[in-house]
Amino acid sequence: MKGGNVYRARGKHFSFTFLAVICMTIFLWSFEKRPLAKKLFSSQDQLILPTSDIIQVDSHISEEGAKPEDQRFQESGHVPEDTDDTTEAGESNVENPEETEDKRKTYTTDSENAEEVDDESQRHTFGVGNIESVVEESSEAVEDDVNSASSEKQVCDYAKGRWVVDNRRPLYSGFKCKQWLSEMWACRLTQRPDFGYESYKWQPKDCDMPDFERSAFLRRMQDKTVAFVGDSLGRQQFQSLMCMVSGGEESNIQDVCAEYGLAVYGAGRPQGWAFRFPETNTTILYYWSSCLCDLVPLDLKDPQTQVAMHLDRPPSFLKHFLHRFDVVILNTGHHWNRGKVNANRWVMYVDGKPNRDRKLAMIGNAKSFTIQSTTKWLDSQLPSHPRLKVFFRTLSPRHFFNGDWNTGGSCENTTPMARGSEVNQNESSDPVIANAVKGTSVKLLDITALSQLRDEGHISRYSVKASSGIQDCLHWCLPGIPDTWNEILAAQI
């Protein structure tokens with residue numbers, strides 16, 4: 001009996017041992033076939049996503065991969081950019097759906113983009129929710145960049161664009177606007193038979209220029225003063241704006257010339273005009289200054305006295321009234337020639353003394369020096385006048401063909417856009433003024449190139465001097481091209 005018991009005990013021991021060997025073999029075989037389990041024990045630096053989260057991530061990837069890129073961005077609220085921004089950790093799965101099973105099921109922290117996770121619980125919970133948080137933060141950052149880029153794109157280059165037909169033109173009637181518009185510039189009051197030049201508006205290339213609306217302009221300029229300072233082309237722009245804002249109606253607009261000391265001097269030429277719109281207390285004025293420098297008669301008792309032309313001093317009118325202005329528009333150019341200087345008896349002065357620099361005495365150099373001097377002075381004043389905006393308008397082009405104004409030059413073309421309708425150049429056609437304002441807070445009102453295309457818009461042989469054979473290919477018919485200058489001005493204010 002003892003022998004039978006011994007054999008039965010040995011049999012049971014063998015059975016348990018054999019069963020244990022079989023279990024161990026199965027376990028080891030399973031272990032070798034499951035690298036995920038091997039990694040669980042071999043590495044403490046890797047994070048394992050729960051099975052349910054893995055399924056969600058894979059499902060999300062496959063759905064995203066099936067959608068067009070723009071549709072995915074619309075649904076997420078994220079705007080794609082062309083920049084090569086570094087992607088946040090975890091976004092590589094979206095861009096590379098063909099990754100291996102191991103890479104899709106594990107998430108390794110990036111030392112540059114994620115904080116190190118120390119405890120097991122933090123590693124385990126750093127799953128889909130945290131990945132989405134990182135991606136969401138990345139989306140918000142990119143959206144901020146997009147918004148910033150959009151705001152930069154909103155800065156419009158009004159000098160580039162094209163002329164287009166607009167049947168709503170002109171903006172006012174040359175017949176009605178008699179109080180503000182000089183008769184010699186109102187081409188509707190002359191014998192000119194064609195008025196096609198009135199039917200075009202300027203369309204900037206990369207943006208829309210808002211339509212000019214007089215009541216809206218007056219509301220924007222409530223309790224403000226707009227001052228034009230320059231030559232007769234500046235006076236044309238002033239008269240144009242008066243007609244645009246008033247609609248040609250006289251109403252109860254007030255003459256306030258006395259407030260600015262605008263009297264008549266010399267041969268009867270007015271120093272300027274100033275008018276106020278009482279409903280908004282908006283003042284629009286013009287001061288004549290053909291050189292944008294300080295002109296001082298050397299002998300006030302002598303009507304034929306020479307006039308000191310202080311190249312390094314702005315007009316005294318600007319110095320005296322600058323604190324009352326909110327918008328200033330400057331222009332100069334056509335009086336900078338030897339004939340005008342001699343006819344006006346101007347003598348160049350610098351530092352309060354007659355100029356002895358022969359190089360500076362050259363007209364072109366004197367003009368550039370004066371423009372730069374006036375611009376620098378205004379730029380130095382702007383910090384003390386935070387509400388003030390200053391614009392320097394570029395040169396209005398002349399269109400004398402086959403001679404000059406006094407040698408039979410003419411501009412008899414009546415076909416709009418005969419010289420083209422589009423401006424694409426990046427640089428201003430008036431480099432003197434463009435270079436002067438560069439690096440300052442004085443703004444450029446660049447109208448030269450777009451006006452160069454409109455030679456049919458001049459007064460031509462219908463000027464008051466036409467009887468003597470002189471055509472006016474310098475000044476413009478009103479309504480006309482200067483209206484566009486004011487539309488661009490209003491858009492830039």
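Things to note:
- Value of relative contact order over the stretch 192-323, rounded to a whole percent, pairs C-alpha under 8 Å and six or more apart: 23 percent
- Surrounding net charge for residue 434, when Lys and Arg each add one and Asp and Glu each subtract one, Cβ distance under 10 Å: -2
- Sorting the segments 468-476, 199-207, 326-334 by their residues' average number of neighbouring beta-carbon atoms within 10 angstrom, most packed first, yields 326-334, 468-476, 199-207.
- The value of relative contact order for the stretch 368-493, using C-alpha pairs under 8 Å at least six residues apart, is 31 percent.
- Within the stretch 356-464, the GluC sites (Glu not before Pro) that combine a DSSP coil assignment with at most 11 other C-beta atoms in a 10 angstrom radius are 427.
- Kirkwood hydrodynamic radius of the stretch 152-223, from inverse mean 1/r over distinct Cα pairs, in Å: 14.9 Å
- Sparse-neighbourhood loop sites, trypsin sites (Lys or Arg not before Pro) in the stretch 415-475 - DSSP loop, at most 15 other Cβ within 10 angstrom: 419, 438, 465
- Listed residue pairs exceeding 22 Å between alpha carbons, taken from 359/389; 367/465; 319/376; 389/438: 359/389; 367/465
- Calculated from backbone phi, Karplus (6.51, -1.76, 1.60) coupling profile of the stretch 225-230 in Hz, x at Gly/Pro: 10, 10, 10, 9, 10, x
- Dipole in debye (nearest 20) - the stretch 277-395, about Cα centre, beta carbon charges: Lys, Arg +1; Asp, Glu -1: 340 debye
- Cut-off under 5 Å, modelled amide H: who pairs with residue 294 long-range: 310, 313
- Estimated FRET transfer efficiency (residue 323, residue 251; beta-carbon r; R0 22 Å; 0.05): 0.15
Every number in this text was worked out from the coordinates using simple rules, so none of it is lab data. All figures in this text were calculated on a predicted structure; none of them were measured in a lab. Cβ atoms come from the backbone with ideal geometry, glycine included; neighbour counts cover every protein chain shown.
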